[in-house]
Amino acid sequence: MAQVTYENIYSDNSSHLKPQCEKCFGICCIALYFSVQDGFPTDKSAGTPCPNLAEDFRCVIHDKLGDLGLRGCVAYECYGAGQQISQVTFAGRNWRLEPSSADLMFEVFLVMRQLHEMCWYLTEALSFKLPSPIGGEIKEALYATKRITQFAPHFLLEFNLSEHRTKISVLLKNTSKLVRSEISRTNKVTFNDDKGRKATTDFLGRDLRKKDLRCADLRGACLIATNLEDVDLSGTDFIGADFRDANLRGANLSNSIFLTQSQINVARGNSNTKLPISLSRPKHWESENTTK
């Protein structure tokens, strides 16, 4: 990976924040705990390879995950931490050839994944072209976080991740307020910073088609199996929201805030679902809709 400099923060694309399995040593398939109940192929402890992990570190059923109903695998997102650990942090040394470093590699991966997730959100925040001073603060935070991802393994484990995450969370919350306020002004939507949070954010199984959620703050909301079909979700902040089995058919998410690929992957949508340009339409949406 190229050296991180302050000058290239804006010019860098976000490709390194997307999984590149061909450059990874299948770390997520061995480092993590799996449970069948959570939508994984088997119950396994952390540090035990998934039975579907091939010798070349690729998943032998990757193209069938959606068809097999393995929603845990479909949803998981490492934000590029896997290839960072494999190719940069451990310089191409894999856990099979160096089993003595395996435990350290897996432990560092858990830290790296969180750092890359922060980088993803900060990069998303920069795309909103924020005014000063918060735009500068976001840029500084992204630069600092990218620098941390280049630390040696033991330094990464000693880093105060909780304190850093708290600072990033404050920045993202302030960014959300500014962006939602601007979108509400442009779209002539009444803006209330508490909108969506005065009432419960547990919408499990509810029909929300008649609820105005534009520019709402739905951070961390439970949207499991909710019906959002054809709903306009412009300017809605979804950071940390749970979209498992949510009906997004025909919904407009093109201008939603902090929506991730992993959230989309566990929802149900169709060709009429409008997504942000940074996200991809899940392949299993097609097969799900053709069988209905």
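Can you pull the percent of Cα pairs in the chain with separation above 23 Å? Before the final figure, lay out each step's value.
Working: 24739 of 42486 pairs.
The share of Cα pairs beyond 23 Å in the chain comes to 58 percent.
Let's see if you can work this out: charge +1 on each Lys and Arg Cβ, -1 on each Asp and Glu Cβ, no other charges. What is the dipole magnitude of the chain about its Cα centre, in debye to the nearest 20?
Value, rounded to 20: 820 debye.
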Could you give the nm distance between label points at residue 35 and residue 61, where each point is 7 Å from its Cα heading toward the beta carbon? 1.9 nm
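Quick one: order 219, 96 by neighbouring beta-carbon count within 10 Å, fewest to most.
Values: 219 20, 96 13.
Fewest-to-most ranking of 219, 96: 96, 219.
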Cβ-based exposure ranking for 60, 108, 266, in which fewest neighbours within 10 Å come first: 60, 266, 108
Among 33, 143, 79, which comes first, then next, by fewest other beta-carbon atoms within 10 Å? 33, 143, 79
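Give 139/188; 18/64; 177/283; 210/283; 129/167; 139/173 a once-over and call out the pairs whose C-alpha atoms are over 22 Å from each other. Each step should come with its number before you reach the end.
Values: 139/188 29 Å; 18/64 20 Å; 177/283 33 Å; 210/283 29 Å; 129/167 20 Å; 139/173 15 Å.
Where the Cα-Cα span goes over 22 Å, the pairs concerned are 139/188; 177/283; 210/283.
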Output wanted: per-residue J couplings in Hz (rounded whole) for segment 173-188, from phi through Karplus 6.51 cos²θ - 1.76 cosθ + 1.60, θ = phi - 60°, x for Gly and Pro. 5, 5, 4, 4, 4, 5, 5, 5, 5, 5, 5, 5, 5, 5, 9, 6
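Could you please report the charge total around residue 248, scoring K, R as +1 and D, E as -1 over all other residues with beta-carbon less than 11 angstrom from its beta-carbon? All intermediate terms of the calculation are to be shown ahead of the outcome.
Details: positive: 249, 268, 274, 281; negative: 229, 230, 245.
Net charge in that neighbourhood comes out at +1.
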Which value in nm describes the separation of the simple spin-label points at residue 107 and residue 185, placed 7 Å from the Cα toward the beta carbon? 5.0 nm
Apply 1/(1 + (r/R0)^6) to the Cβ-Cβ distance of residue 134 and residue 245, taking R0 = 35 Å, and write down the FRET efficiency to the nearest 0.05. 0.50
Of the beta bridges DSSP finds with both residues in the chain, what % are antiparallel, to the nearest 5? 20 percent
Through the Karplus equation 6.51 cos²θ - 1.76 cosθ + 1.60, θ set to phi - 60°, convert the phi angles of segment 237-254 into ³J(HN,Hα) values in whole Hz; use x for Gly and Pro. 8, 10, 4, x, 6, 9, 9, 4, 6, 5, 8, 10, 4, x, 6, 9, 10, 4
With a Förster distance of 25 angstrom and the Cβ-Cβ distance between residue 43 and residue 98, calculated FRET efficiency to the nearest 0.05 equals 0.35
Amide H neighbours of residue 246 at under 5 Å, excluding residues fewer than 5 places away on the same chain, with H built from the backbone geometry, are 225, 226, 268
The answer for residue 27, listing residues at least 5 apart or on another chain whose modeled amide H is closer than 5 Å to its amide H, is none
Go through segment 99-113 residue by residue and turn each phi into a ³J(HN,Hα) via Karplus (6.51, -1.76, 1.60, θ = phi - 60°); whole Hz please, and just put x for glycine and proline. x, 5, 9, 4, 4, 5, 4, 5, 5, 5, 4, 5, 6, 4, 4
Computed over segment 71-132, Kirkwood Rh from alpha-carbon pairs, angstrom: 13.2 Å
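Could you compute the net charge surrounding residue 36? Neighbours are other residues with a C-beta less than 15 Å from the C-beta of residue 36; K and R count +1, D and E count -1. Could the numbers behind the result be given before it?
Details: positive: 44, 71; negative: 38, 43.
Surrounding charge for residue 36 is 0.
Values in this text are rule-based calculations from the coordinates and carry no lab data. Remember, predicted model here, so these are calculated numbers, not experimental data. Neighbour counts are summed over all protein chains in view; Cβ atoms, including those assigned to glycine, are modelled from backbone coordinates with ideal geometry.
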